[in-house]
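*Asks:* Sharing a structure with you now.
The values are calculated or read from the model by the stated rules, or taken from the named source; none is laboratory data. The shown structure was predicted, so the numbers you read here are calculated from the model rather than taken from an experiment. Note that we place each Cβ from the backbone using ideal geometry, even for glycine, and neighbour counts take in every protein chain shown. Surface areas here come from the heavy atoms of the whole protein model, side chains and all, with no ligands, DNA or RNA. Shrake-Rupley method; radii C 1.70, N 1.55, O 1.52, S 1.80 Å.
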Amino acid sequence: LGDRIALFNTVINASSVYGGGTILVGGEYLGQGTTPTAQFTFADTNTRIRANGIGNANGGRVIAWANNTTRFFGAINARAGNLGGNGGFIETSGKLSLDVSGIRINASSTFGSPGLWLLDPTDINIIPGGGFAGGTFGIGVFIPDGVTNPATIGANDITAFLGAGTSVEIRTNPGPAVGNGDININGLINVTPSVGVSFSLFATRNINVNQPILVNVNPLSINFNTTPGGNVNIGANINTNGGNFINNIGGDFNNTSAINTGGGAFTANLDGNFTANNTIGTGGGAFNVNSGGNFQSNINLATNGGNFNVITGGAFIATNLINTGATFGNSGNINIRSTSSFITT
């Protein structure tokens, strides 16, 4: 721990038969607590941090934090043991700027629950492939400028970790100088996830889906969360392949592209208005919306046997078909409660 931390060709090992240990580089979880925090944290591609469980032990806890900028290009493992146990917890966070291009993460478990990787920058763009932004790079050392925003992470990195058995969580943390706390999905996420993993976004302001999220073979649970006033805008198709898609939103929800959960539940709990401008299909899963404002559907909504439940603090407006009929089996129930007007056309 210190003001400026640089790890070159470093190996830190806290693996144990009693469970992986705790390794702190630059601070504690989200920079909180009484642990001294670094302004800048750097690790080169040859740095390896291990907090693995051995045998049937749980993976450990590894945190790389900086109040200003984190650049971590090495490997972090917090795996469960090969005989049992749950995956561990890994955080790589820079409050103002974050670059994790080429990082290798493993918090998986063969027999227990997958572990979690948390990223906590100011703003973040998920971009195609890989790449970095926010400084100069030469002779193997990244020198951050300390003010560049947004941070970037390659979509390929996210899909690799989900496929290897590690859940991914991205959480924005607005700094005092720059950034709004937005998360923008600007790169295609085309993933074959391991069983049981999840993809979670926590934005201080808005979540904007500008490129598709496509899930293959196994289900993927997707969780979108925003603070009060933060909106979720779905501008590209999302397919969870049977995973639940859960939204907890401090503002409005709007989709101009299709959503298909393929048997998983679609849930939106929000303070603002819910507007469906493109199809939302659940393939047998439940459709649940609890809106503090208006609910408006301008397109067909189909559950294929799943229940349709809407509670709205404003008007309920449906200009197209709501269909809970099933191809096989029973139709789903429709439950609508509005404290204002009820309009269908």
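*Asks:* Would you work out which of Phe73, Gly84, Ile124 lies farthest towards the positive end of the dipole of the chain? Charges go on Cβ: Lys and Arg +1, Asp and Glu -1.
*Replies:* Farthest along the dipole direction, towards plus: Gly84.
*Asks:* Taking P(r) over Cα pairs in 20 Å bins from 0, in percent as the quantity of interest, determine which of [x] 22, 28, 21, 14, 7, 6, 3, 0; [y] 31, 52, 17, 0; [z] 32, 60, 7 was computed from the displayed structure.
*Replies:* [y]
*Asks:* Related question: Test of understanding: what is the full-extension gain from Asn323 to Ala160, defined as 0.36 nm times their sequence separation minus their Cα-Cα distance?
*Replies:* Separation in residues times 0.36 nm, less the Cα-Cα distance, equals 55.0 nm.
*Asks:* Only four residue types carry charge here, +1 at the Cβ of Lys and Arg and -1 at the Cβ of Asp and Glu. Report the dipole size of the chain about the Cα centre in Debye, rounded to the nearest 20.
*Replies:* 460
*Asks:* Could you sort 181-189, 216-224 so that the peptide with the highest average Cβ count within 10 Å comes first and the rest follow in order?
*Replies:* So the peptides 181-189, 216-224, ranked by packing, come out 181-189, 216-224.
*Asks:* What whole-number distance in Å separates the alpha-carbon centres of the stretch 75-96 and the stretch 207-266?
*Replies:* 25
*Asks:* Tell me the carbon and sulfur percent of the accessible area for the chain, rounded to whole percent, probe radius 1.4 Å.
*Replies:* Result for the chain: 49 percent of the exposed heavy-atom area is carbon or sulfur.
*Asks:* Among Thr339, Thr226, what's the order by accessible area (1.4 angstrom probe), most exposed first?
*Replies:* Thr339, Thr226
*Asks:* Of all DSSP beta bridges in the chain, what percent run antiparallel (nearest 5)?
*Replies:* So the antiparallel bridges in the chain amount to around 5 percent.
*Asks:* For Tyr18, Tyr29, what's the largest-to-smallest order of accessible area, 1.4 Å probe?
*Replies:* Ranked from most to least accessible, the order is Tyr18, Tyr29.
*Asks:* Could I have the simple spin-label model distance between Asn300 and Ala315, label points 7 Å from Cα toward Cβ, reported in nm to one decimal?
*Replies:* Inter-label distance under the simple model: 2.5 nm.
*Asks:* Given 0.36 nm per residue, what is the gain on full extension from Thr339 to Thr256 after removing their alpha carbon distance, in nm?
*Replies:* Extra length from Thr339 to Thr256 when fully extended: 27.3 nm.
*Asks:* On to the next question. Would you mind counting up the charge near Gly87? Only other residues with Cβ under 12 Å from its Cβ, with Lys and Arg at +1 and Asp and Glu at -1.
*Replies:* Here the charged neighbours net out to +2.
*Asks:* Additional query: Of the options Gly285, Asn156, Leu7, report the single residue whose Cα projects farthest towards the positive end of the charge dipole of the chain (beta-carbon charges: Lys, Arg +1; Asp, Glu -1).
*Replies:* Gly285
*Asks:* Could I ask something else about it? Phe42's amide H: which non-local residues (gap 5+, or another chain) put their own amide H closer than 5 Å, with H modeled 1.01 Å from N in plane and none for Pro or chain starts?
*Replies:* Distant-sequence amide H within range of Phe42: Ile5, Ala6, Leu7, Arg71.
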